[in-house]
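Asks: Structure below; questions to follow.
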Amino acid sequence: MLKILLMKLVLRKLHKQWYQRRVRGRGGLDYSESAMSEAVNTEKYFNDFFLLVKYHQSSLGEGISSFVKLSELELALHAKLQDCQRIVHEALCDSFDTPTAMRTLKTILSDTYSYLSVQKEPNVRLLVQVAVYVTKILSVFGVVTSSDRIGFGSGTDTHSTDEVAMPFVRALSQFRDEVRTSAIQLKAGSILKSCDELRDNVLPELGVRLEDRELGEAAVFKIDDKETLLREKKQRQEELARKEKEKAEKAAAKEKAAKEKLEKGKLSPMEMFRNDLYTAWDETGIPTLDAKGTPITNSQVKKLKKLQLAQDKLHKQYLQHISDLEI
């Protein structure tokens with residue numbers, strides 16, 4: 001009875017900590033922190049792909065003109081999609097081999113990203129075909145619970161909302177692209193800052209992700225979950241704060257080391273060995289007799305000269321620093 005109660009408590013904690021689709025999307029029964037973090041990254045990988053396809057889909061025309069002959073690159077990607085479909089089918093027939101199926105889905109996404117990296121004007125219908133198939137398989141796993149053809153969806157009528165919002169978001173994104181390009185050419189820092197403010201703070205609050213590309217290329221916009229965007233924004237801010245703190249700590253340590261070096265350099269190399277350890281010195285300040293009156297050996301003299309040479313360098317740096325302050 002106690003074991004059953006403990007299991008219920010663990011599952012309840014998992015349900016609060018992680019989305020249902022992240023737990024279902026894993027191939028095994030490993031619910032460790034590292035495994036769940038991997039599930040979060042996998043979900044983000046799929047979701048980013050779906051949003052990117054929806055972005056390209058928003059520019060797809062209607063009628064026969066939207067059907068374009070496949071190029072060699074696109075034929076190769078289509079062949080990979082067919083291979084993916086075959087491997088996934090075989091995996092599911094093999095005692096529902098989920099890990100193999102998930103790895104295969106991630107591979108076709110990787111292949112599609114590779115295609116997009118070289119094809120600036122992709123075949124949108126082919127992208128949609130890949131996204132629809134991946135969504136279909138994820139729905140088989142219970143990861144996708146909405147009726148959307150592409151993506152994870154949400155509890156609201158996401159499809160109709162996206163359709164209504166897309167033209168307005170596209171118009172805003174194109175206007176910002178023009179403003180940003182002109183601001184870069186004119187070196188107008190304040191205008192560029194406003195463009196960044198729109199991308200980083202304003203649009204995420206509206207559930208819109210905007211990703212800048214190289215100068216001259218249109219930014220990619222994606223209608224995403226507001227809470228996801230705000231969570232990512234918080235993570236970026238925390239990471240930035242961590243890096244700033246790390247940078248400040250390194251600067252402070254460097255400054256401390258420089259001060260210690262200057263402090264050490266105050267001592268003249270001629271005076272550095274004039275202490276109770278020795279009773280006689282030559283004209284350069286190198287000891288000739290120790291505290292008991294025993295002559296310093298040649299090997300000891302060699303070591304002392306090496307130390308004195310290092311101190312001479314530090315002392316000269318100290319004197320230069322003092323000279324610079326007086327100027």
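The values are calculated or read from the model by the stated rules, or taken from the named source; none is laboratory data. From a predicted model like this one, the values you see are computed outputs, not experimental measurements. Backbone-built Cβ (ideal geometry, glycine too); neighbour counts: all protein chains shown. Each accessible area value is taken on the protein alone, full model and side chains, heavy atoms only, with ligands, DNA and RNA left out. Shrake-Rupley method; radii C 1.70, N 1.55, O 1.52, S 1.80 Å.
Yes or no, residue by residue, for (1) surrounded by 14 or more Cβ atoms within 10 Å (Cβ to Cβ); (2) of a type in the set (S, T, N, Q):
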{"residue": "77", "(1), (2)": "yes, no"}
{"residue": "88", "(1), (2)": "yes, no"}
{"residue": "91", "(1), (2)": "yes, no"}
{"residue": "94", "(1), (2)": "no, no"}
{"residue": "98", "(1), (2)": "yes, yes"}
{"residue": "103", "(1), (2)": "yes, no"}
{"residue": "110", "(1), (2)": "no, yes"}
{"residue": "116", "(1), (2)": "yes, no"}
{"residue": "129", "(1), (2)": "yes, yes"}
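Asks: Looking at the stretch 258-273, is at least one residue in contact with a strand residue (DSSP E or B) (Cβ under 7 Å, 6 or more places away or on another chain), in contact (Cβ under 8 Å) with a residue 12 or more places away in the chain and part of a loop (DSSP other than H, G, I, E, B)?
Replies: Taking every residue of the stretch 258-273 in turn, at least one turns out to be in contact with a strand residue (DSSP E or B) (Cβ under 7 Å, 6 or more places away or on another chain), in contact (Cβ under 8 Å) with a residue 12 or more places away in the chain and part of a loop (DSSP other than H, G, I, E, B).
Asks: If residue 148 satisfies all but one of (1) surrounded by fewer than 16 Cβ atoms within 10 Å (Cβ to Cβ); (2) acidic (Asp, Glu); (3) under 30 Å from residue 43 (Cβ atoms), what's the number of the condition it fails?
Replies: Among (1) surrounded by fewer than 16 Cβ atoms within 10 Å (Cβ to Cβ); (2) acidic (Asp, Glu); (3) under 30 Å from residue 43 (Cβ atoms), the lone unmet condition for residue 148 is (1).
Asks: Could I ask something else about it? Might you let me know whether the stretch 152-169 holds any residue that is closer than 30 Å to residue 109 by Cβ, hydroxyl-bearing (Ser, Thr, Tyr) and open to solvent by 70 Å² or more (accessible area, probe 1.4 Å)?
Replies: yes
Asks: Report the residue count in the stretch 248-291 for those that are modelled with pLDDT under 90 and touching a Pro at 6+ places or on another chain (Cβ under 6 Å).
Replies: 0
Asks: Please state which one of 309, 304 is over 22 Å from the mean Cα position of the chain (by Cα) and surrounded by 13 or more Cβ atoms within 10 Å (Cβ to Cβ).
Replies: The unique qualifying residue is 304.
Asks: Something else: Is it true that residue 71 is open to solvent by 20 Å² or more (accessible area, probe 1.4 Å), within 22 Å of residue 152 (Cβ to Cβ) and free of Cβ contacts under 8 Å to residues at least 60 places away in the same chain?
Replies: The answer is no for residue 71.
Asks: Could you please let me know if residue 137 is crowded, with 17+ Cβ neighbours inside 10 Å, touching a Cys at 6+ places or on another chain (Cβ under 6 Å), over 19 Å from residue 224 (Cβ atoms) and of a type in the set (A, V, I, L, M, F, W, C)?
Replies: The answer is no for residue 137.
Asks: Working only within the stretch 283-307, note down all residues that are farther than 15 Å from residue 268 by Cα and in a loop (DSSP other than H, G, I, E, B).
Replies: Across the stretch 283-307, the qualifying residues are 291, 292, 293, 294, 296, 297.
Asks: Now a separate question. Given the options 170, 209, name the one that is over 28 Å from residue 80 (Cβ atoms), at pLDDT below 90, touching a strand residue (DSSP E or B) at 6+ places or on another chain (Cβ under 8 Å) and of a type outside the set (Phe, Trp, Tyr).
Replies: Result of the check over 170, 209: 170.
Asks: Is it the case that the stretch 89-102 has a residue that's within 20 Å of residue 210 (Cα to Cα) and at pLDDT below 95?
Replies: Scanning the stretch 89-102, I find no residue that is within 20 Å of residue 210 (Cα to Cα) and at pLDDT below 95, so the answer is no.
Asks: Since residue 276 meets every condition but one in (1) in a loop (DSSP other than H, G, I, E, B); (2) open to solvent by less than 100 Å² (accessible area, probe 1.4 Å); (3) touching a residue at least 12 places away in the same chain (Cβ under 8 Å), which condition does it not meet?
Replies: Only one criterion is unmet by residue 276, namely (2).
Asks: Still on this structure, I have one more. Looking at the stretch 196-211, can you tell me whether even one residue there is assigned to a loop (DSSP other than H, G, I, E, B) and without any contact (Cβ under 8 Å) to a residue 12 or more places away in the chain?
Replies: The answer is no; no qualifying residue exists.
Asks: Let me ask something additional. Could you grab me the full set of residues in the stretch 221-244 that are of a type outside the set (A, V, I, L, M, F, W, C) and over 18 Å from the mean Cα position of the chain (by Cα)?
Replies: Result: 222, 224, 225, 226, 227.
Asks: Here's another thing I want to ask about it. I'd like the full set of residues that are open to solvent by 50 Å² or more (accessible area, probe 1.4 Å) and within 20 Å of residue 224 (Cβ to Cβ), limited to the stretch 170-199.
Replies: Answer for the stretch 170-199, where residues must be open to solvent by 50 Å² or more (accessible area, probe 1.4 Å) and within 20 Å of residue 224 (Cβ to Cβ): 170, 171, 172, 174, 196, 197, 199.
Asks: Still on this model: If you take the residues of the stretch 285-301 that are among the polar types (S, T, N, Q) and exposed (fewer than 11 other Cβ atoms within 10 Å of the Cβ), which of them is farthest from residue 260 (Cα to Cα)?
Replies: 294
Asks: In the stretch 148-165, which residues are at pLDDT 80 or above and in a helix (DSSP H, G or I)?
Replies: Result: 165, single match.
Asks: A further question on this structure: Residues 263, 214, 249: which one is open to solvent by 60 Å² or more (accessible area, probe 1.4 Å), of a type in the set (Asp, Glu) and within 30 Å of residue 164 (Cα to Cα)?
Replies: 214
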